[in-house]
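Trainee: Provided herewith is a single structure, encoded as structure tokens, for subsequent inquiry.
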Amino acid sequence: MLRYRLTRRGVLRLGLGSAALAFTGRAQGETIRVGLVDPLSGVYAALGRNEVEGARMAVDDVNVQGGVLGRRLELLVEDSATRTDLGVQKLRKLVERDRIQFSLGEVSSGVSLALSQAAAEYKMLHIVTGGHADDITGKSCRWNTFRIPTSGTMEARAIGPLLAERFGKNWYIITPDYAYGWSLQEAFTRVVERLGGKVLGADRVPLGTSDYSAVLLKAARAKPDVLITFQAGDDAVAILKQIAQFGLDKQMAIAGGLQEWENIAALPKEARMGWWTFEWYWLQPNVPEVKTFVDRYRKRYRKVPTARSWFGYAAIWSLALAIQKAKSLDSVKVAQALEGLELPRNVALQPGRVYYRKEDHQLLTGVFVGRVRQGQDPDDLFEVVRVVPGEEAAPDPRDTGCRIVYPG
């Protein structure tokens with residue numbers, strides 16, 4: 001088994017600083033097995049792969065310093081293909097055959113909810129790395145589940161007022177027909193109505209839809225100020241291409257909640273458009289720790305990290321820090337250690353305080369609001385207008401419907 005001993009200078013050269021120093025020493029004995037279920041095929045494959053890459057980089061960073069509690073982390077990855085049944089099957093395989101001790105995942109909100117429930121059956125700590133439906137840290141919250149990405153409500157509260165002020169308060173919504181899309185539709189509807197506006201119409205379309213012409217024609221006839229779309233992955237690429245083909249961006253503002261660097265990069269120039277939220281962005285000139293992280297990631301993977309890369313990276317570090325704090329591998333003790341845990345700057349990689357809220361296990365992370373445009377760097381595809389603090393974007397925990405109950 002590989003063993004590593006790093007000097008303080010070596011740790012700082014990695015850009016890990018004080019977040020890492022508590023771990024220096026020798027990793028020995030059995031590994032700590034962590035399972036990650038994510039889509040490596042299907043509509044969300046590009047997003048899932050980047051989450052895996054970020055997680056693997058974090059595992060190596062932790063292990064090169066001696067691991068956690070003197071043991072190395074080991075990451076085992078399974079493909080959900082964005083299918084709930086398959087995702088749960090893969091998690092059960094990881095637990096029962098591969099003997100993982102903690103679980104992570106996944107991009108899809110529907111699969112994330114199912115994984116949370118399955119992990120709870122095993123009394124296992126689970127960190128959601130990609131699902132955004134409000135219910136994950138709302139009415140379906142569980143003692144064992146923590147979430148890194150923002151909720152749909154956080155996205156709506158961050159960007160909604162800007163859209164209303166700049167473009168108008170009559171919106172039309174096109175959303176994927178599953179938990180993620182439902183949550184965003186409800187959240188954006190609440191925000192625009194609170195601002196004195198209304199939703200002129202809303203269409204729910206199946207995941208994996210390739211032809212959006214019918215719903216886009218309906219939206220055009222409604223003549224909204226803003227066309228809101230919540231498609232993700234390959235679906236986002238498809239709908240934005242067709243919006244450009246129909247010329248709708250010349251008739252109304254195009255916007256939405258979450259947008260992904262992966263989606264924008266996959267689009268032709270004429271379809272790169274709109275106002276969105278990012279959950280993390282690789283270009284933050286005023287946060288020096290980000291440049292260090294980006295340089296290391298680029299050297300390793302020959303590309304820039306995305307929000308999905310950061311989700312995977314932050315998930316592994318969150319787990320490592322909580323285990324170290326709890327001085328235990330017991331999931332209940334580690335979960336309690338995660339409550340209120342603040343990520344150090346070289347893990348948070350953004351301005352402001354980033355921490356897990358005790359009441360609902362939501363990571364209060366900044367919401368990067370802005371617009372798609374081409375910067376000087378070929379990989380700079382998004383202008384951040386404002387980073388909305390997580391505490392400002394998140395609803396009051398009393399309004400989420402979450403009640404955390406630990407096993408007796």
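Trainee: In what order do VAL372, VAL385 fall by count of nearby beta-carbon atoms within 10 Å, going from fewest to most?
Mentor: So the residues, fewest neighbours to most, are VAL385, VAL372.
Trainee: Antiparallel versus total DSSP beta bridges in the range 153-278: what percent is that, nearest 5?
Mentor: Details: 0 of 16 bridges.
About 0 percent, rounded to the nearest 5.
Trainee: In addition: Choose one answer from GLU78, GLU106, GLU186: the residue with the largest mean-square fluctuation in a GNM of the chain with alpha-carbon springs under 10 Å.
Mentor: Greatest mean-square fluctuation among the candidates belongs to GLU186.
Trainee: Counting only C-alpha contacts under 8 Å and six or more residues apart, can you give the relative contact order of the range 153-278 as a whole percent?
Mentor: In percent, rounded to a whole number, it is 27.
Trainee: Determine the calculated [θ] at 222 nm for the chain from helices alone, applying -39500 (n - 2.57) to every DSSP H run no shorter than 4 residues and normalising by the residue count; nearest 500 deg cm²/dmol.
Mentor: Mean residue ellipticity at 222 nm (helix-derived): -12500 deg cm²/dmol.
Trainee: Could you pull out the trypsin sites (Lys or Arg not before Pro) across the range 216-314 that fall in loop regions by DSSP (anything but H, G, I, E, B) with no more than 11 other Cβ atoms inside 10 Å?
Mentor: Sites meeting the loop and neighbour criteria: ARG302.
Trainee: Right, something else. To the nearest 10 degrees, how steep is helix 84-96 against the longest Cα principal axis of the chain, on a 0 to 90 scale?
Mentor: Roughly 0 degrees between the two axes.
Trainee: Let's test the formula: R0 of 25 Å, r as the Cβ-Cβ distance of LEU329 and ARG92. What FRET efficiency results, to the nearest 0.05? Write down the numbers at each step before the final one.
Mentor: Values: r = 20 Å, r/R0 = 0.80.
It comes out at approximately 0.80.
Trainee: Counting alpha carbon pairs within less than 8 Å and at least 6 residues apart, what relative contact order, in whole percent, applies to the chain?
Mentor: Taking the mean separation of contacting Cα pairs over the length of the chain, I get 17 percent.
Trainee: Sum up the charges of everything whose Cβ sits under 15 Å from the Cβ of LEU86, counting Lys and Arg as +1 and Asp and Glu as -1, but leave LEU86 out.
Mentor: -1
Trainee: What residue among GLY67, GLY87, GLY197 has the largest mean-square fluctuation in a Gaussian network model of the chain, using Cα springs under 10 Å?
Mentor: Of GLY67, GLY87, GLY197, the most mobile in the Gaussian network model is GLY197.
Trainee: Measure nothing fancy, just the Cα-based angle from helix 179-194's long axis to the longest principal axis of the chain, in degrees from 0 to 90, nearest 10.
Mentor: That helix lies at roughly 60 degrees to the long axis.
Trainee: Here is a follow-up. Determine the dipole magnitude for the range 153-278: charges of +1 sit on the beta-carbon of Lys and Arg, -1 on that of Asp and Glu, nothing else is charged, the reference point is the Cα centre, and the result goes in debye to the nearest 20. Walk me through the numbers before you get to the answer.
Mentor: Working: 14 positive and 14 negative charges, 103 e Å.
So the dipole magnitude of the range 153-278 works out to roughly 500 debye.
Trainee: Please arrange PHE311, PHE293 by counting, for each residue, the other beta carbons lying within 10 Å of its beta carbon, fewest first. Before the final figure, lay out the partial values.
Mentor: Details: PHE311 28, PHE293 25.
Lowest count first: PHE293, PHE311.
Trainee: Here is a follow-up. Counting other beta carbons within 10 Å of each residue's own, what order do TYR313, TYR172 fall into, fewest first?
Mentor: Going from least to most buried by this count: TYR172, TYR313.
Trainee: Out of the DSSP beta bridges found with both residues in the chain, what percent are antiparallel (nearest 5)?
Mentor: Among the beta bridges of the chain, antiparallel pairing accounts for roughly 30 percent.
Trainee: Using 7 Å Cα-to-Cβ label points, what is the ASP295/ASP380 separation (nm, one decimal)?
Mentor: 1.7 nm
Trainee: The range 196-237: Rg/Rh from Cα coordinates, Kirkwood Rh?
Mentor: Ratio of gyration radius to Kirkwood radius for the range 196-237: 0.97.
Trainee: Now a separate question. Tell me the angle of helix 152-166 to the major Cα principal axis of the chain, expressed in degrees between 0 and 90 and rounded to the nearest ten.
Mentor: 40 degrees
All of the numbers you see were taken from the coordinates with simple rules; none came from a lab. Quantities reported herein were computed from a predicted structural model and do not represent experimental measurements. Positions of Cβ are generated from backbone atoms using ideal geometry, with glycine treated the same way; all protein chains shown enter the neighbour counts.
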